[in-house]
Amino acid sequence: MNKRITVIIWFCCLPLWLIAATRTAIKIDTDALSLVFQVGDNGRLYQSYLGKRLHLQTDLSQLSLGTEAYITHGMEDYFEPAIHVVHNDFNSSLLLKYQSHETKQVSDGTSETIVTLQDDKYPVTVTLHYVAYAHENLIKTFTEISHQEKKPIELQKYASSMLHFSNAHYFLTEYSGDWAEEARPSTQPLYYGKKVIDTKLGSRANMFVSPFFQLALGDEASETEGEVILGSIGWTGNFQFTFEVNQLGGLRVISGINPYASAYKLSPNEVFRTPDFYFTYSFNGVGEASRNFHRWALKYQVKDGEKPRYTLLNNWENTSFNFNEEKLVNLMGEAKSFGLDIFLLDDGWFGTKYPRNDDHQGLGDWTEIQEKLPHGVGYLTEAAKKQGIKFGIWIEPEMVNPKSELYEKHPDWVIHLPNRDEYYFRNQLVLDLSNPQVQDFVFSILDNLMTKYPEIAFFKWDCNSPITNIYSYYLKEKQSHLYIEHVRGLYKILERVKAKYPNLPMMLCSGGGGRTDFEALKYFTEFWASDNTDPIERLYIQWGYSQVFPSKVICSHVTSWNRNTSIKFRTDVAMMGKLGFDINLSGLNENEASFCKQAIQNYNTLKPVILDGDMYRLVSPYVGNHTSTMYVSENQDKAVVFAFDIHPRYAETVWPVKLQGLDPQKQYKVQEINRMPNARGGQYAEPKTYSGEYLMQVGLNLFSAYSTSSKVIEVTAN
Ligand code: DGJ
């Protein structure tokens, strides 16, 4: 037998697993998860596994190859690709082959794996990045695209991430709504075909649909049971999630910028970096997935995520545009006497030629209105100092009213069509942040205020209009870059703000919850979740946002939106997030005022648990007439339980609420707090002791048959 034949026979006799073992495998691990890629014999990269952690290297060789990891347009696939490029010769195919990979430890608990892929005919490189957060079981992915063709190539699709699943059933939960009704969940099974969730709002991600989703695998997931992926994209503009089930039942999930009207000319050697897509995978229901996100967000993503937050009094719902110095100074005094930390002056303090006395004019002209503030903002910061309270101020620096000096001077700084009538969203237009001069201007608004009035301790940064009338004078023939460059321009401004004022807390607002994404939260300590502050509606809205956002970033204010609810009910709801008041405090009666003061004190004591602890959603407002959520400190020594009766039915039977997240071995003292001064009775008015096991197996009687009533229970380990 000649030598060649011997080798062939020997090779054919090898067990399959040994042949497979020679494949390059790339394994990305967190404490509980593994994501495995393998390189096929054809040199292409495949996703072979995503699921519970695989510990044995030898098991990898048993995995089937799977599905190509980052599918390209123009080859043999029949479904949605992750990337679509057009080369200099108008050929629009891409065939990516594995080149190399490396994994580096970024910090204790964080590693990054970078896989480099290259086309074998064109000088196009794609690198896939996977940052694994071990203890939070969260993976952040993004993609970089570059090339060395002679002229720019055109990117028509450029996903941040593509993930593949192979399960018998899929259930997708999206969080959609509108202004004042943000983040409403709805679940649907996915069958053959495509479901796309995307937005085209330009200057924000959210309004009609939030930039996050839940995907239950196999069966529907509950708070405590089931396999579920929770995913979110970090992009303060048009985003897109595509879920496509193929003829074999395989599901691909493609996440990234919405490529709508956004073909991107990529110059040679320029690197196109996509936004980050983050996901976690829980095998114990949605609650665990949310807690993974919360812990990760506070530790790694949100500005000052691990630092404390301040309570505040805002004047918007109370005075709207109608205030003067005296009124504001009185409000500061009231805020101080209630024990609040900041007084926040909202919209309406600026405009010279066009005073901002309503929302039709003045936006863009950032000098104080003489009639309202004859002594300027400095007078207010001084007054706040005297009262012993911090001072914060509202700006909306990216926007302009056509009736403004800014618009008169710089019409070319505004996104609008040169040859058509303008369409206004809240009587305003969006400044063109792709233009570096405009970036300087926007930065200078905050910078000038801080330079002139360094005592300003807090900003509320608003952004009320999506992009309409889309046209950039600056970008000229590159109009299809506008959606992308606008958002990049915003980040450049925010980088400068953060670099120069690293310790300045800022609330992000966008006509309610328009800007609720994790990339924006790198620069902001919190966000305004909704203009709807009716406490009943807030129970639902906050439930929606809590899927991915920790309570520390969800601003929640006590207002007069629903006067039929008690001040206690409203305050109890607001205490589940970053607490503020936006109400006429002097209009409260004695009992109400003393309740609020006590509640603010309670909140200050319990902030470490509510804002930094683990959240357990116990009873959903979507399944009945009651809802309950609790927060538990990391060492399980302290917990706070909130329970609300929304609209109980006549003679309805109410069931005990089983707590979660406690130590079954510990004994806990249970006591109702946040009681009205004149409250009588109540099962937990006096402290009682229970084991953690009892509290979790039997539960507490927290619900009642009284409409819009609430309880806050403090649970303390003995
Ligand atoms: C919209 C915000 O959501 C409100 O809280 C308030 O700041 C107004 N803008 C002011 O115009």
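The table below gives the values:
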{"read-out": "Relative contact order %, the chain, counting alpha carbon pairs below 8 Å whose residues are six or more apart", "value": "9 percent"}
{"read-out": "Normalised convex hull volume, the stretch 375-488, alpha-carbon set, Å³ per residue", "value": "116 Å³"}
{"read-out": "Per-peptide average of other Cβ atoms within 10 Å, ordering 600-609, 214-223 highest first", "value": "214-223, 600-609"}
{"read-out": "Exposure rank, largest accessible area first [H294, H101; 1.4 Å]", "value": "H101, H294"}
{"read-out": "The chain, accessible surface, carbon-and-sulfur percent (1.4 angstrom probe)", "value": "50 percent"}
{"read-out": "Debye, to nearest 20: dipole size of the stretch 143-204, +1 on Lys, Arg Cβ, -1 on Asp, Glu Cβ", "value": "240 debye"}
{"read-out": "Shape parameters for the stretch 24-126, alpha-carbon atoms, Rg then Dmax in Å", "value": "15.2, 47"}
{"read-out": "Solvent-accessible area of H73 with every protein chain in place, 1.4 Å probe, in Å² to the nearest 10", "value": "60 Å²"}
{"read-out": "Accessible surface, 1.4 Å probe, highest first, among residues K452, K150", "value": "K150, K452"}
{"read-out": "Residues whose placed amide H lies under 5 Å from that of F391, excluding near-sequence neighbours", "value": "F343, A457"}
{"read-out": "31 Å Cα-Cα threshold exceeded, pairs from K299/K386; K460/K666; K265/K492", "value": "K299/K386; K460/K666"}
{"read-out": "For the chain, size of Cβ-based charge dipole, Lys and Arg +1, Asp and Glu -1, in debye", "value": "940 debye"}
{"read-out": "Placed amide H near T352: partners under 5 Å, 5+ positions off or other chain", "value": "T367"}
{"read-out": "Environment charge at E693 (Cβ cut-off 14 Å; Lys +1, Arg +1, Asp -1, Glu -1)", "value": "+1"}
{"read-out": "Karplus-derived 3J(HN,Hα), 6.51/-1.76/1.60, for each residue of the stretch 281-287, Hz, glycine and proline x", "value": "10, 10, 9, 10, x, 6, x"}
{"read-out": "Cβ-placed point charges (K, R +1; D, E -1), dipole of the stretch 563-718 about Cα centre in debye, nearest 20", "value": "240 debye"}
{"read-out": "Computed lengthening from F79 to K194, 0.36 nm per intervening residue step minus Cα-Cα distance", "value": "40.5 nm"}
{"read-out": "Candidate aspartates and glutamates for bridging to K597, where Cα separation is under 17 Å - those fewer than 8 sequence places away on the same chain excluded", "value": "E334, D341, D572, D582, E672"}
{"read-out": "Full-stretch length increase - A180, K385 - with 0.36 nm per residue and alpha-carbon distance subtracted", "value": "70.3 nm"}
{"read-out": "Rh (Kirkwood; distinct C-alpha pairs) - the stretch 407-461, Å", "value": "13.2 Å"}
{"read-out": "Measure of compaction for the stretch 110-166 (Cα Rg per 2.2 N^0.38 Å)", "value": "1.37"}
{"read-out": "DSSP-loop chymotrypsin sites (Phe, Trp or Tyr not before Pro) across the stretch 223-318, with at most 13 other Cβ within 10 angstrom", "value": "Y260"}
{"read-out": "Cα centroid separation, the stretch 507-535 to the stretch 229-293 (Å)", "value": "21 Å"}
{"read-out": "In Hz, Karplus ³J(HN,Hα) per residue of the stretch 237-247 (6.51, -1.76, 1.60; θ = phi - 60°; x = Gly, Pro)", "value": "x, 5, 10, 8, 10, 10, 10, 10, 9, 9, 5"}
{"read-out": "DSSP-assigned coil residues among trypsin sites (Lys or Arg not before Pro) in the stretch 657-713, each with at most 12 further Cβ atoms within 10 Å", "value": "R680"}
{"read-out": "Pairwise label distance in nanometres, E220 with K409, each label 7 Å out on the Cα-Cβ vector", "value": "5.8 nm"}
{"read-out": "Set of aspartates and glutamates with alpha-carbon distance to K476 below 15 Å, sequence-local pairs under 8 removed", "value": "D412, D432, E485"}
{"read-out": "Rh (Kirkwood; distinct C-alpha pairs) - the stretch 137-264, Å", "value": "15.9 Å"}
{"read-out": "Karplus 3J(HN,Hα) series, Hz, for the stretch 673-688 with 6.51 cos²θ - 1.76 cosθ + 1.60 (x for Gly, Pro)", "value": "10, 6, 8, 5, x, 9, 5, 10, x, x, 4, 10, 5, 9, x, 9"}
{"read-out": "Dmax and Rg, reported as Rg then Dmax, of the stretch 574-650 (C-alpha, Å)", "value": "14.6, 41"}
{"read-out": "Amide H contacts of S691 (H built 1.01 Å from N, under 5 Å, at least 5 apart or other chain)", "value": "Y668"}
{"read-out": "Equivalent ellipsoid semi-axes - Cα gyration tensor, the chain, angstrom", "value": "46, 36, 20"}
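The values are calculated or read from the model by the stated rules, or taken from the named source; none is laboratory data. Since we're looking at a predicted model, the values are computed, not measured. When we count neighbours, we look across all protein chains shown, and the Cβ atoms used for this are built from the backbone with ideal geometry, even at glycine. Side chains included, ligands, DNA and RNA excluded: accessible areas come from the protein's heavy atoms. Shrake-Rupley method; radii C 1.70, N 1.55, O 1.52, S 1.80 Å.
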